[in-house]
Amino acid sequence: MTPRYPFLDLRAENEPYLDELTRAAARVIASGRYIGGPEVERFESQLASLVGTDYAVGVSNGLDALRLTLRAMVELGMLSPGDEVILPANTFIASLLAIKDAGLTPVCADISPATLLLSPESVERLITPRTRAIMPVHLYGRVCWSAALADICRRHTLYIIEDCAQAIGATATYPGINATLPAGSIGHAAAFSFYPTKNVGALGDAGAVTTSSPEIARMVRTLANYGSTERNRYPYAGFNCRLDPIQAAMLSVKLAHVGEINRRRTLVARAYSRSITHPAVMLPPLPAEERECVWHQYVVQLPPQLRQPFRSALLADGVETDIHYPIPVHLQPCGAGSARTPLPHAEETARSIVSLPIGAPTTPAAAEEIARIIDHALAHLTEKP
Ligand SMILES: *Cc1c(COP(=O)(O)O)cnc(C)c1O
C-alpha cells in the first residue's frame, strides 16, 4: 500500500512535463542520432548558461562527472597520484569514490553543526604539504561556500572541485565582493548528477561537468569518449561515459523548468519551517538569501534515541521518511583511513538526522499536515511517564 505521504514519487515528479518529455523522446527516436549530436549539444549549452561557465560536458552520471574531472586534472598535471583532496565526511559515497578512483587520497573533514556542510576550521586543521584540492559538497541543495573557505583555498592554492549533485540552480551570495556565484561556477570544475531523484532528474542515469577551463572541458570530453582526441587516435586510457541524446532531450525539457521545480521545493521547506513547532526537533536553518538553498532534502535533527520511534510513529501515520546519510563516508569500509582526526559533528549528525518528504507529490499543504503529525508524534514520544 502506498503511504499517504510518500517520501518521493517519480511519476508525480515528471507528471507536469509528460507531454513535453514524450514529444522530446519521439524526436530523438525519429532522428536516427543515438550518440552525441544536437540534443547533447543543446543540453550542454543550456546548462552552461544556467551555471554561468564557459563549458558544460554531458556525461553518464554524477559519479562519472566527478571521477572524469579528477582524472582530467591528473592527466593535465594539475593533480598527481597521492595528492590529498579534502571532502566532508557527511556526503554521498560517490564524492569519496571519485577521489580514490583518480589515485588521489581522500581526507575527510568535519562539518559545521549549523549548516551540516564542510567546516572551514576542520579543513584548515587538515591541510598538509600534500593537500592540493578541496571538494565542497552542496549537500541537501545548500551552497557550501564562504569567505573562510575562499580564504583557505587562496592561502594554500587549492583546486576547488564542487560536488553539485544536489544543488542545481543554487547560488552563493559572496560576502565582501558583493557578487553572486551559481553553484557549479565557484570552483575550477563542478560535477552535476541528474539521477532521477535529484531536483532536475533524467529518466535514467545522467550527469555533467561544468568548468570555465578549456583544458579541463576538453580532457573530460576526451576521457569520456575512450580517451580519443580524433578518430582512431587514443592518447589516453579513457572510458565510455557519454551522455545519451535521449537523456539529454529529457534534461533539456526539465532544465527549462528548474526555477519552478526549485520554487516548489522552497515553498514546501518554508511550510515545514513555519509549521513544525515541537522543541525536540531541530529544523534546518533558512538561508539568509533564498537562492542559497534549493532544498534537495529537508533534514531535521532529533535526539538520537528518539529517531527510530519518531520515524516509526510517522510511518504509522502515513509519512515516509529517509536518512541522508546514516553512515559517514569515513566509517564505510571503502573509506577506511580517510579520517585523520575525530569527526564528532559528522558522527553525531549521522545519528540524529531525518529527511522529510519534499519531492513530488509533497505540496505546502501536505507539509503543513505532516508538521501536525510530527508535533503530535513528538508530544507523545516525549511525554513523561
Ligand atoms: C547523487 C550524488 C552523486 C552521484 O551521482 P550519480 O548520478 O548517482 O552517480 C554524487 N554526489 C552527491 C552528493 C550525490 O547526491
Being assigned to a helix (DSSP H, G or I), open to solvent by less than 20 Å² (accessible area, probe 1.4 Å) and of a type in the set (A, V, I, L, M, F, W, C) narrows ALA24, ALA56 down to just ALA24
Every listed condition ((1) under 14 Å from CYS153 (Cα atoms); (2) touching a residue at least 40 places away in the same chain (Cβ under 8 Å); (3) in contact with a helix residue (DSSP H, G or I) (Cβ under 9 Å, 6 or more places away or on another chain)) holds for PRO106 save (1)
_With the structure loaded, tell me whether GLN301 is farther than 23 Å from ILE99 by Cα, open to solvent by 10 Å² or more (accessible area, probe 1.4 Å), without any contact (Cβ under 8 Å) to a residue 12 or more places away in the chain and out of contact with any Leu (no Cβ under 8 Å at 6 or more places or on another chain) or whether it fails that test._
no
Counting only residues that are buried (at least 24 other Cβ atoms within 10 Å of the Cβ) and out of contact with any Gly (no Cβ under 9 Å at 6 or more places or on another chain), the stretch 218-229 contains a total of 2
Selection from the stretch 212-270 of residues hydroxyl-bearing (Ser, Thr, Tyr) and under 30 Å from GLU368 (Cβ atoms) yields THR266
Across the stretch 158-185, the tally of residues that are farther than 19 Å from VAL294 by Cβ and either open to solvent by less than 20 Å² (accessible area, probe 1.4 Å) or touching a residue at least 60 places away in the same chain (Cβ under 8 Å) (or both) stands at 4
Flagged pairs (Cβ under 6 angstrom, 6 or more apart or on separate chains; first in the stretch 310-332, more than 12 Å from ALA346 (Cβ to Cβ); second open to solvent by 60 Å² or more (accessible area, probe 1.4 Å) and not polar (S, T, N, Q)) are GLY318/ARG4
(1) without any contact (Cβ under 8 Å) to a residue 12 or more places away in the chain; (2) within 15 Å of the ligand (Cβ to nearest atom) all hold for ARG155 apart from (2)
Residue hits (the stretch 170-185; over 16 Å from LEU63 (Cα atoms) and within 15 Å of the ligand (Cβ to nearest atom)) are ALA170, ALA183
Those residues of the stretch 287-308 that are under 13 Å from ARG351 (Cα atoms), away from the ligand (no atom under 16 Å from the Cβ) and not polar (S, T, N, Q) come to a total of 6
Exercise. For the stretch 211-221, state whether one or more residues are part of a strand (DSSP E or B), over 20 Å from the mean Cα position of the chain (by Cα) and free of Cβ contacts under 8 Å to residues at least 24 places away in the same chain.
Key: no
Checking GLU44, GLU20 in turn, the sole residue that is away from the ligand (no atom under 16 Å from the Cβ), touching a strand residue (DSSP E or B) at 6+ places or on another chain (Cβ under 9 Å) and of a type outside the set (A, V, I, L, M, F, W, C) turns out to be GLU44
Screening VAL354, VAL329, VAL294 for residues that are in contact with a Cys (Cβ under 9 Å, 6 or more places away or on another chain) and β-branched (Val, Ile, Thr) leaves only VAL329
Counting only residues that are surrounded by 13 or more Cβ atoms within 10 Å (Cβ to Cβ) and in a helix (DSSP H, G or I), the stretch 359-385 contains a total of 15
Only one of GLU320, GLU289, GLU348 is open to solvent by 20 Å² or more (accessible area, probe 1.4 Å) and farther than 28 Å from PHE192 by Cβ, namely GLU348
- Query: In the stretch 209-217, is there at least one residue being among the hydrophobic types (A, V, I, L, M, F, W, C), crowded, with 24+ Cβ neighbours inside 10 Å and closer than 29 Å to TYR298 by Cα?
  - Reply: yes
Picked from the stretch 87-114 (must be away from the ligand (no atom under 14 Å from the Cβ) and within 24 Å of ALA217 (Cβ to Cβ)), the residue surrounded by the fewest Cβ atoms within 10 Å (Cβ to Cβ) is GLY103
Reported set for the stretch 187-201 where residues are within 15 Å of LEU255 (Cβ to Cβ), open to solvent by less than 10 Å² (accessible area, probe 1.4 Å) and near the ligand (Cβ under 9 Å from one of its atoms) is PHE192, PHE194
Note on the stretch 243-286: residues over 27 Å from THR349 (Cβ atoms), open to solvent by 20 Å² or more (accessible area, probe 1.4 Å) and in a helix (DSSP H, G or I) are ILE246, GLN247, GLY259, GLU260, ARG263
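The values are calculated or read from the model by the stated rules, or taken from the named source; none is laboratory data. Computed from a prediction, not measured in an experiment: that's the story for all the values here. Glycine gets a Cβ as well: all are built from the backbone with ideal geometry, and neighbour counts include every protein chain shown. Protein only, heavy atoms only, side chains kept; ligands, DNA and RNA dropped before computing areas. Shrake-Rupley method; radii C 1.70, N 1.55, O 1.52, S 1.80 Å.
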